[in-house]
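These notes concern the structure reproduced below.
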Amino acid sequence: MAGNYMDAPSDRVAYDRDGSVFSTIDNVNTVIGHPTTAMRAMNAEGGGGYQLPNNTGAFAVVFPIPMDVSAVFMYWQNTNGVNWQTSKDTTNGLDGTWTTQLTNAASPAALSPQYRQLAQLEQFSPSASTTEVRGIRASAGFSGATIRAFHVYAVPSATATKDRLVFWHPTSDVKLTPTYFDWGDVPRGTSEDRAFRIKNLSTNKIAKGTVLYIEAMVNVNPPTQGMFTLSDNGGSTFVTSLTLPDLAPGATSSVLVCRRVIPTNALVSVWTVRMIADVNTWL
């Protein structure tokens with residue numbers, strides 16, 4: 001079903017799960033690292049967000065692999081303009097060479113549904129400085145500010161390691177598009193299935209003990225993650241998580257199914273869940 005909100009310009013990065021590092025830089029260029037819980041609070045689309053330390057002048061996310069970046073979204077209830085930069089070689093958010101992508105960007109007036117409106121995203125013009133990116137940095141008067149949401153839209157660069165899993169089309173030999181699991185505007189009391197596969201992009205490593213499950217970033221009642229279940233037997237039975245057989249280098253899983261069942265008492269809003277494929281061991 002078509003929706004009233006944007007098609008995502010790229011994949012929304014799970015930077016709170018992929019080994020990225022979040023740091024703030026104060027007014028005398030001291031770099032302060034922050035925990036995964038901070039990234040999780042900012043990568044959500046609701047909740048309290050994360051409060052930055054006093055005297056913060058900038059914050060940055062440093063990726064574990066090079067990324068091709070399309071856009072960012074940030075909401076922080078402040079009218080200060082934000083400058084956005086990217087770096088191909090930073091290791092901590094301060095060092096390295098930085099290229100300015102946008103200056104004096106304004107924050108949206110609200111978090112939801114604005115995070116799903118294309119006009120509210122800060123889109124980066126495609127260029128050499130938006131590929132092979134290792135870090136994104138925002139600078140403004142952030143002292144003591146609470147970042148309610150910070151989302152990054154990007155995909156791994158061609159030079160990034162291939163030791164990873166990707167969500168694959170059920171019949172065609174292609175990666176799923178960012179919109180494949182966008183269910184659109186769906187009425188309460190309805191259900192729908194979508195088939196997919198998982199592919200191991202590695203050329204020499206086996207993905208062992210992969211667990212597939214649904215995760216929500218915001219806690220609501222009834223929980224949104226409970227509205228989605230998974231099947232590995234063509235839809236005969238559905239469960240909340242699946243353990244996949246080992247995937248050899250370059251191998252693709254059998255066809256899997258994700259089912260959404262929206263209860264009649266679901267909280268009406270613009271919600272996001274994400275599907276996680278956690279590899280236990282690479283061999």
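Here, each number is a calculation from the coordinates, and none is a lab measurement. All values derive from a computational prediction rather than experimental measurement. For neighbour counting, all protein chains shown are included, and Cβ atoms are generated from backbone atoms with ideal geometry for every residue, glycine included.
Data for the structure
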| read-out | value |
| --- | --- |
| Translational diffusion of segment 21-156, µm² s⁻¹ [Kirkwood Rh, Cα pairs; Stokes-Einstein; 4 °C; 1.567 mPa s] | 88 µm²/s |
| Cβ-based net charge around Leu201, under 12 Å, with every Lys or Arg adding one and every Asp or Glu removing one | +4 |
| Measure of compaction for segment 218-283 (Cα Rg per 2.2 N^0.38 Å) | 1.36 |
| Simple label model, 7 Å out from Cα along Cβ direction - Asp18 to Arg194, nm | 1.9 nm |
| Rg followed by Dmax, in Å, when segment 57-126 is reduced to its Cα trace | 12.9, 35 |
| Between segment 93-121 and segment 206-258, the alpha-carbon center distance in angstrom | 32 Å |
| Globularity index of segment 165-282, i.e. its alpha-carbon radius of gyration over 2.2 N^0.38 Å | 1.10 |
| Förster radius 45 Å - calculated FRET efficiency between Ala106 and Ser236 (Cβ-Cβ, nearest 0.05) | 0.30 |
| Mean shadow area of the chain over all directions, Cα convex hull, nm² | 14.8 nm² |
| For segment 21-156: relative contact order, % (alpha-carbon pairs under 8 angstrom, 6 or more apart) | 39 percent |
| Shape parameters for segment 136-220, alpha-carbon atoms, Rg then Dmax in Å | 17.9, 50 |
| Point-to-point label distance, Val268-Lys162, nm (Cα→Cβ direction, 7 Å offset) | 4.9 nm |
| Sorted largest first, extent of segment 82-196 alpha carbons per principal axis (Å) | 46, 37, 24 |
